[in-house]
1. Of the residues that sit in region 302-328 and are crowded, with 16+ Cβ neighbours inside 10 Å and under 30 Å from residue 49 (Cβ atoms), which one is modelled with the lowest pLDDT?
2. Please give the number of the condition residue 361 fails out of (1) out of contact with any helix residue (DSSP H, G or I) (no Cβ under 9 Å at 6 or more places or on another chain); (2) surrounded by 12 or more Cβ atoms within 10 Å (Cβ to Cβ).
3. Out of contact with any Pro (no Cβ under 8 Å at 6 or more places or on another chain), within 30 Å of residue 444 (Cα to Cα) and open to solvent by 100 Å² or more (accessible area, probe 1.4 Å) - does that describe any residue in region 597-616?
4. Would you call residue 205 touching a helix residue (DSSP H, G or I) at 6+ places or on another chain (Cβ under 9 Å), open to solvent by 30 Å² or more (accessible area, probe 1.4 Å) and over 30 Å from residue 405 (Cα atoms)?
5. When only residues in region 185-215 that are in a helix (DSSP H, G or I) and hydroxyl-bearing (Ser, Thr, Tyr) count, which is modelled with the lowest pLDDT?
6. May I ask you to verify whether residue 532 is closer than 30 Å to residue 499 by Cβ and either open to solvent by less than 100 Å² (accessible area, probe 1.4 Å) or in contact with a strand residue (DSSP E or B) (Cβ under 6 Å, 6 or more places away or on another chain) (or both)?
7. Criterion first (open to solvent by 50 Å² or more (accessible area, probe 1.4 Å), at pLDDT 75 or above and of a type in the set (A, V, I, L, M, F, W, C)) does residue 112 satisfy it?
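The values are calculated or read from the model by the stated rules, or taken from the named source; none is laboratory data. These figures come from a predicted structure and were not determined experimentally. No Cβ is skipped: glycine too gets one built from the backbone with ideal geometry, and neighbour counts run over all protein chains shown. Side chains are part of the model used for accessible areas, which takes the heavy atoms of the whole protein and leaves out ligands, DNA and RNA. Shrake-Rupley method; radii C 1.70, N 1.55, O 1.52, S 1.80 Å.
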Amino acid sequence: MAVRVGVLITHSADGGRNERLAIREERSGVDYSGEEDTAAAARMSFSFDAVATQENAQQRLYPELLRPITGLMSTGFHRNVLVGGASRSGKENILGGQGIVKQLITGLFSEMTKTSDGEWFSTVSFMQFYPDNSALDLLNPERRGLKPTTHPILGILVEGLCEIVIETAEEALALYEKGRETLKVNSGNLHSRCSSVFSVSVERRLRWDGGRDRQHCRSSLRVFDLAGGARKGDLNGVSPLVKVLELMESGETPGNRLLPLLLRDSLAGGCNTFLLYCIQPQGLLDEETPHALALAQRVRGLVTRTAPRHCGKWSPQAAAREIREQIRDLRTKMVAQSECEEGDTRRLEELIRALQVVKDQDWEKRREQSKEIEEKRKQYQARSAMERTPSHTTDQQGETERRTHLQELLREEMEAHLREGRLGVEESQRRVGRIQQLREALREEERRLTDADRESDQSQSSANQGESGSVLLSEVEVEYTKALHRRKRLMEEHQSLIQEELAKMERDLETEKADGPEGEVLRLGRERQVLVLQMEALRREKQEAERDMEAQHLQNVHLLRSVREESLQVFRVFRQVFEEQGEVVEGRYRTLLLEAIQDAVHLSAQNQQLQVENKQLRRALAQLKDALSVRGDPQERAAVPISQPQ
């Protein structure tokens, strides 16, 4: 299957379009014309599967190229998405936020929920690659020295790479963002030259059909973030994609270099591959665009092969049984021989290792390993947080040394430019572009140092002061003043460079002493060089102003968010105090009510007791009266006459 290629063309630094670059009407090709007055002025045509701009990237790239990936993942296909582009070409916007990684993962888990046949098991891994091809596990930074290994059934695996078990798309995206943050912290100044690979592995245990072994359906999705440009003279290094294509054309093997091996497997192995290349035209002094277009077209001409042994359905029990049979046959052969050959011993060791890999694919075992890795990762993050201050100081020292090195290179380039005198138009533009690149790199280092100082000042002021709103407001004012000084210094540098170029032009014209049409043509050529330099200076100044405006906007948004959070916090405290006061008053009233009820009950009991006692007294009084009435009065008895018997 052919590699499909999509190209994203972002706005140039001055916000406009490159007149040399034209997108064809069918949105599947690009026409590019070289510099004027040169042999490269012929129009070059490049064909791709899709071409998009910033305005329609989400509507074209994902639906046309990437959406079919998620549908085929559940059927056992391995997919690779390569994202390339020079520094500041818009690649970060494609990978982060609402970019393709979120769309791919969300679409993948959506397809998994639609498929009810069997049980699902998914894991993620994240690797970082330095310019020297060394690798680092971003989800477990303590693991280093990752090495590739080829399994006879599972294909290319990474030995020592940890895999975190996930259940939802939100967990995968959270691990992706944490890995990107770790990558920025680990790489430091080399961030723009480091590549990475984020991988999502999906395995489905199919329903048992009554056979001997239960089948599994295995697939994976890998997203490559490739650093560097398409030309070898780029300050941030050349893309690993260029090096791998050169190896493939020459027939050389990557050896044990992990990233070239994974890229070669993606471009020629048993999987489907998609390339998204981001291009940002840079105006008149653009050297990256034609190389980038040519690189993307070279990749589109590649064809990957199908390897059903390394994808689709497989059975862990059958795989283990097959490897055990090979081990038994090899041992029988070695016992029958009088002397063991070195190749047989090495083959036996490889088979034993392959059998162990198959055993490690057990889902419960991988879940336990994932839990252990999560605990270690939390401990590592806690330890890194305690050691953040020394590492920050070390990073600042490295940035200071890099700034000094860039200043030295810039001074050498300026001296060479003034010393060599008259040059051709192409050479002069190349030299001026090199100077501007060094100036931009130097300004970037100064900005990083300023940001680092601001962060340290912010942490110190936050520790000493409790009023975060006033601190942020003062920081915004300080940053605005620094931005004004940077732009003023940049304008002064550009004016100085233009004045030097004008003085050099006058000296060259006086040296030539050409009159007539020839002198006029020479003067016009020199003035054209100065105008190009002025346009480039204005573009750089505009770019710096836009960056400052964006930074100010972000700071204002952050300030507004902080003030809003403070207000919400005040309201929360007020509400909490109000609720506490209400609870106190309610408790007091409840206590009074309880006491009143208790008093009423007590009085009622006392009243009942008094009534009982009153009844008893009345009964006793009545009995006493009855007794008295029975006995009668003695005087009355004496007055009654006694009758005599007859």
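1. My answer is 310.
2. Every listed condition holds for residue 361 apart from (1).
3. Checking region 597-616: not a single residue is out of contact with any Pro (no Cβ under 8 Å at 6 or more places or on another chain), within 30 Å of residue 444 (Cα to Cα) and open to solvent by 100 Å² or more (accessible area, probe 1.4 Å).
4. So residue 205 passes the test.
5. My answer is 187.
6. Yes.
7. So residue 112 fails the test.
Residue-wise test of (1) open to solvent by 50 Å² or more (accessible area, probe 1.4 Å); (2) modelled with pLDDT of 75 or more; (3) of a type in the set (D, E, K, R).
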{"position": "449", "(1), (2), (3)": "no, no, no"}
{"position": "459", "(1), (2), (3)": "yes, no, no"}
{"position": "473", "(1), (2), (3)": "yes, no, no"}
{"position": "484", "(1), (2), (3)": "yes, yes, no"}
{"position": "487", "(1), (2), (3)": "yes, yes, yes"}
{"position": "491", "(1), (2), (3)": "yes, yes, no"}
{"position": "509", "(1), (2), (3)": "no, no, no"}
{"position": "524", "(1), (2), (3)": "yes, yes, no"}
{"position": "536", "(1), (2), (3)": "no, yes, yes"}
